[in-house]
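Trainee: Below you'll find the structure I mean.
What follows draws every value from the coordinates through simple rules; no lab data is involved. Bear in mind the structure is a predicted one, so any value in this text is a computation, not a measurement. Methodologically, a virtual Cβ is constructed for each residue, glycine included, from the backbone with ideal geometry; neighbour enumeration extends over all protein chains shown.
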Amino acid sequence: LYVDSPLAADQSVGLDHERAHFLRHVLRLDRGDAVAVFNGRDGEWRAVIDGFGKGWCSLTVVEQRRPQSGSPDLWLLFAPLKKGRIDFVAEKATEMGVSRLMPVFTRRTDPNRVNSDRLRANAVEAAEQCERLSVPDLTEPLPLFRALADWPTDRKLFLCAEAGTARPIAEAMRATGPCPAAVLIGPEGGFDQSELDELGKLPFVVPVGLGPRILRADTAVVAALACWQSLSGD
Ligand code: SAM
């Protein structure tokens, strides 16, 4: 269970209504039962339920079960998609170990808004489910070229562009070797040519392909991340 408080032996942790409801009515836990908690900084701890009140629950932290582990150094830049599909992206990217989620607006991005609270809630839930001990950072949604303005030059950006034309992603990632990396996936309507031209001029951009078929953007996210994960082993 993700908690937004420091974790140390004997520390008390209060949970909000939603989390209290989850423990009591979904997991059917009671006073004295143990729960595993993490906060993204202090590792995983065993905590014990002290009690439930109306809309709250309090825990006492007992002992550390796993030290904090670092997450792989992989960022995902993606054009926001419609509701269910963007939920899927946040969930799958978290499961695949992404350390930073970066929604970016491209010229053909539709919708042009992002519900950051919802994205973060999906990432938290996925982190809990897959037992990773961190939740990816979620950056403020920005126009693509603003997000790239202060780009760290040692971080390669694998640009998933058009089907069939660019170098296969696995080949490009293998050639680049271990390094800080990021993957960029476009919107359902694809990048426009002027964006691809501009991206092509940036020294850290590596255009890559995901095979001969045009994948939906959410499928492309999973395909690219699975490739990176299988090569890096992280
Ligand atoms: N009509 C658009 C086009 O041809 O570019 C389709 C865009 S696709 C539905 C959404 C995004 O997924 C693309 O912008 C790209 O980032 C990624 N994508 C899908 N299939 C791909 C492939 N075979 N190779 C590389 N990227 C792909």
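Trainee: Taking the 0 to 90 degree range and rounding to the nearest ten, how far is the long axis of helix 83-95 tilted relative to the main principal axis of the chain, both from C-alpha atoms?
Mentor: Once rounded, one gets 80 degrees.
Trainee: Here's a follow-up. Have a look at Pro72, Pro103, Pro203 and tell me which one the Gaussian network model of the chain (Cα, springs below 10 Å) gives the largest fluctuation.
Mentor: Sorting by GNM fluctuation, first place goes to Pro203.
Trainee: Normalized C-alpha radius of gyration of segment 137-205, against 2.2 N^0.38 Å?
Mentor: Relative to the rule-of-thumb radius for its length, segment 137-205 sits at 1.13.
Trainee: Just for the chain, what percent of DSSP beta bridges are antiparallel, to the closest 5?
Mentor: 40 percent
Trainee: For the chain, calculate the relative contact order in percent as a whole number, restricting contacts to Cα pairs under 8 Å that are 6 or more residues apart.
Mentor: 18 percent
Trainee: Cβ under 13 Å from Val61's Cβ, Val61 left aside: what net charge do those residues give with Lys, Arg +1 and Asp, Glu -1?
Mentor: Net charge around Val61: -3.
Trainee: With a ≥ b ≥ c the root eigenvalues of the C-alpha gyration tensor of segment 12-66, is it rounded (a/c under 1.5), prolate (a/b larger than b/c) or oblate?
Mentor: prolate
Trainee: Let me ask you something else. Please get the size of the charge dipole for the chain, origin at its Cα centre, with Cβ charges of +1 on Lys and Arg and -1 on Asp and Glu, quoted in debye to the nearest 20.
Mentor: Result for the chain is approximately 380 debye, rounded to the nearest 20.
Trainee: Which order results if Ser5, Ser99, Ser69 are arranged by neighbouring Cβ count within 10 Å, fewest first?
Mentor: Ser69, Ser5, Ser99
Trainee: Shifting gears a bit: Treating cross-link reach as a plain straight distance, find the lysines whose alpha-carbon is under 16 Å from the alpha-carbon of Lys82, omitting any fewer than eight places away in the same chain.
Mentor: By straight Cα distance, Lys82 reaches Lys92.
Trainee: Using only Cα atoms and rounding to the nearest 10 degrees, what angle (0 to 90) does helix 217-232 make with the longest principal axis of the chain?
Mentor: Tilt relative to the chain: about 80 degrees.
Trainee: Restricting things to alpha carbons, find the Rg to Rh ratio for the chain using the Kirkwood radius for Rh.
Mentor: We get a ratio of 1.04 for the chain.
Trainee: Which three lengths, in whole Å and largest first, does segment 56-153 cover when its Cα atoms are put on their principal axes?
Mentor: Answer, in whole Å and largest first: 51, 35, 21 Å.
Trainee: Hey, another quick one. At a Cα cut-off below 12 Å, give the aspartates and glutamates reachable from Lys54, other chains included and same-chain residues fewer than 8 away excluded.
Mentor: Straight-distance partners of Lys54: Asp16, Glu18.
Trainee: Please give every one of the lysines within straight-line cross-link reach of Lys201, meaning a C-alpha to C-alpha distance under 16 Å, and leave out same-chain neighbours fewer than 8 residues apart.
Mentor: The qualifying lysines are Lys156.
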